[in-house]
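Read the structure below first, then the notes.
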Amino acid sequence: MIPDVKPSSVLYLNNVSVSFDGFKALNSLSIVIEPGELRAIIGPNGAGKTTMMDIITGKTRPDEGEVFFNGDVDLTKRDEADIAQLGIGRKFQKPTVFESHTVWDNLELALNRKRSVFATLFYRLSSEDKARIEEILETVRLTHRRDELAANLSHGQKQWLEIGMLLAQEPKLLLVDEPVAGMTDAETAETAILLKEIARTRSVVVVEHDMGFIRDLGVKVTCLAEGSVLAEGSIDFVSADPKVIENYLGR
Ligand SMILES: Nc1ncnc2c1ncn2[C@@H]1O[C@H](COP(=O)(O)OP(=O)(O)O)[C@@H](O)[C@H]1O
Ligand SMILES: [Mg+2]
């Protein structure tokens, strides 16, 4: 139990368990994310990292345990659409940008998702929205490619564009699953900087296998294995843990 931190935390998971056909994908998982925190999650395949994100976003219901957002919002009582609306954005592994639209239009569409169909029909881009899109373009390093079709972006740039589309929704918490897989070394290094910038104004949870990238982030690391926390702390602390070496790093 971690009883006294719930009121101030962005995300509070306490003893969360979920089984699939008798297999415990999450086994009494407890994790707390603070406002403005950037947290890295590592761990072997099948550790439950993606399942944890499924629980947070309402895609999967826990069998047991507590899941609270922003202090006292009980996420186990909300559906996926509700949870997105509350301000939890999720980036999946594969980018899902609109390839036949420009970078700018992708961001404009993402900004529009907040509006009703009626409002969108009569919608003219306000100077405020333009400024917001320009700001996002800067954040995701795509200002010079704003008029390019998304199809023509590199894999890494598509990942950044999708992060930008999530930012247009102004999430309080951003969940990012394996963002640097398939990126060049330069893109990977840039992604670490970019996520740190994003975490200045919101909380970010990032799952990654790339230990160089995790080291670049320089934040608290949680290592999951078999559905629960194996070790938590600085990268040096976690990577020196014999359990982490045995279950993950030494493999
Ligand atoms: N919807 C599901 N149905 C059945 N099994 C699942 C489901 N989601 C995850 N699992 C299983 O739970 C375990 C944890 O998976 P996952 O969370 O994807 O691990 P990770 O992301 O850490 O690699 C795996 O054994 C996986 O096969
Ligand atoms: Mg996964």
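Could you tell me what percent of the accessible area of the range 175-218 is made up of carbon and sulfur, with a 1.4 Å probe and every protein chain present? Can you show the working numbers first?
On the way: 810 of 1660 Å².
Carbon and sulfur atoms account for 49 percent of the accessible area of the range 175-218.
Bridge orientation summary for the chain: considering DSSP beta bridges with both residues in this region, about 55 percent are antiparallel. Computed over protein heavy atoms with a 1.4 Å probe, the accessible surface of the chain works out to 47 Å² per residue. The number of Lys pairs in the chain with C-alpha atoms less than 15 Å apart, excluding pairs fewer than 8 positions apart on the same chain, is 11.
Helix 103-112 and the longest principal axis of the C-alpha atoms of the chain enclose an angle of approximately 80°. Which one, L194, L224, L125, has the greatest fluctuation when you compute a Gaussian network model over the chain with C-alpha springs under 10 angstrom? Taking springs between Cα atoms under 10 Å, the residue moving most is L125. Taking the helices alone, the chain has a mean residue ellipticity at 222 nm of -9500 deg cm²/dmol, built from -39,500 (n - 2.57) per DSSP H run of at least 4 residues and averaged over all its residues. For the Cα atoms of the chain, what angle does the longest principal axis make with the long axis of helix 155-167, in degrees from 0 to 90, nearest 10? Compared with the principal axis, the helix lies near 90 degrees. When the Gaussian network model of the chain links Cα atoms closer than 10 Å, the mean-square fluctuations of N45, N27, N106 top out at N45.
Relative to the dominant Cα principal axis of the chain, helix 185-198 is inclined by about 90°. Need the C-alpha centroid separation for the range 215-251 versus the range 139-188, integer Å. Taking the Cα centre of each part, the range 215-251 and the range 139-188 sit 27 Å apart.
The alpha-carbon atoms of the range 123-251, seen along their principal axes, cover 57, 28, 22 angstrom, with the largest extent given first. Across every pair of non-identical alpha carbons in the chain, the mean reciprocal distance, once inverted, gives a Kirkwood radius of 18.9 Å.
The values are calculated or read from the model by the stated rules, or taken from the named source; none is laboratory data. No experiment lies behind these values; they were computed from the predicted model shown. Note: areas computed on protein heavy atoms with side chains; ligands, DNA, RNA excluded. Shrake-Rupley method; radii C 1.70, N 1.55, O 1.52, S 1.80 Å.
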